[in-house]
Amino acid sequence: MTKIFVDADACPVKKEIKKLADRFNVHAHFIASYAHMSEKNDCLGQWTYVDTEQESVDMHIINHTSKKDIVITHDIGLACVLLAKNVIVLAPTGKEYRSETMDTALFLRFVSAKERRSGRHSKGPNRFTNKDRYHFIKSLEKILSKYAGK
């Protein structure tokens, strides 16, 4: 059975994920570091907290996902590993990561990191908008509908 795993530390669409998971009767697992522990998260379903070490959330998700699970993350490196496991990976903006575009995405991430290390900083990512939220809902709904046969 398909499950949803959420890289929840900085995910802006947690409520939307929970609502769609409930609607399609899919279990949603929210994974976060102890640094992001909050009682208000309890209403959103099952939460697992991991160490605050770098990559702890990613490693938990990698170790607990199976083929055809769905993962919500901004992390391109995590997406690359999961795609190799035949996991569906969706960004909180609704963009579905694809194997055929991973090389380019990883190269751009590398170039950006190299620029930052040399002291050049870009503006950073665009601000998350209601249009992003809408696009995410429609994308996840489409994926879940496919699995539900609706």
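The values are calculated or read from the model by the stated rules, or taken from the named source; none is laboratory data. Everything numeric in this text was worked out from a predicted model, so none of it was measured. Ideal geometry is used to build each Cβ from the backbone, glycine not excepted, and the neighbour counts take in all protein chains shown.
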- Report whether or not VAL57 is touching a residue at least 24 places away in the same chain (Cβ under 8 Å), closer than 21 Å to VAL26 by Cβ and in a helix (DSSP H, G or I). yes
- Checking LYS15 against (1) in a helix (DSSP H, G or I); (2) touching a residue at least 40 places away in the same chain (Cβ under 8 Å); (3) surrounded by fewer than 20 Cβ atoms within 10 Å (Cβ to Cβ), the condition it does not meet: (2)
- Task: Look at ASN63 and say whether it is under 17 Å from LEU140 (Cα atoms) and out of contact with any Ser or Thr (no Cβ under 8 Å at 6 or more places or on another chain).
- Result: no
- Message: Given the condition farther than 24 Å from SER145 by Cα, among the hydroxyl-bearing types (Ser, Thr, Tyr) and at pLDDT below 95, answer yes or no: does some residue in the range 93-100 qualify?
- Response: no
- Selection from the range 31-54 of residues part of a helix (DSSP H, G or I) and either more than 25 Å from LYS142 (Cβ to Cβ) or small (Gly, Ala, Ser) (or both) yields TYR34, ALA35, HIS36, GLU39, LYS40, ASN41, ASP42, CYS43
- Can you name the condition, by its number, that ILE76 falls short on among (1) surrounded by 20 or more Cβ atoms within 10 Å (Cβ to Cβ); (2) of a type in the set (Val, Ile, Thr); (3) at pLDDT below 95? (1)
- Restricting the range 23-60 to residues that are under 29 Å from ALA148 (Cα atoms), of a type in the set (A, V, I, L, M, F, W, C) and touching a strand residue (DSSP E or B) at 6+ places or on another chain (Cβ under 7 Å), the residue that is modelled with the lowest pLDDT: LEU44
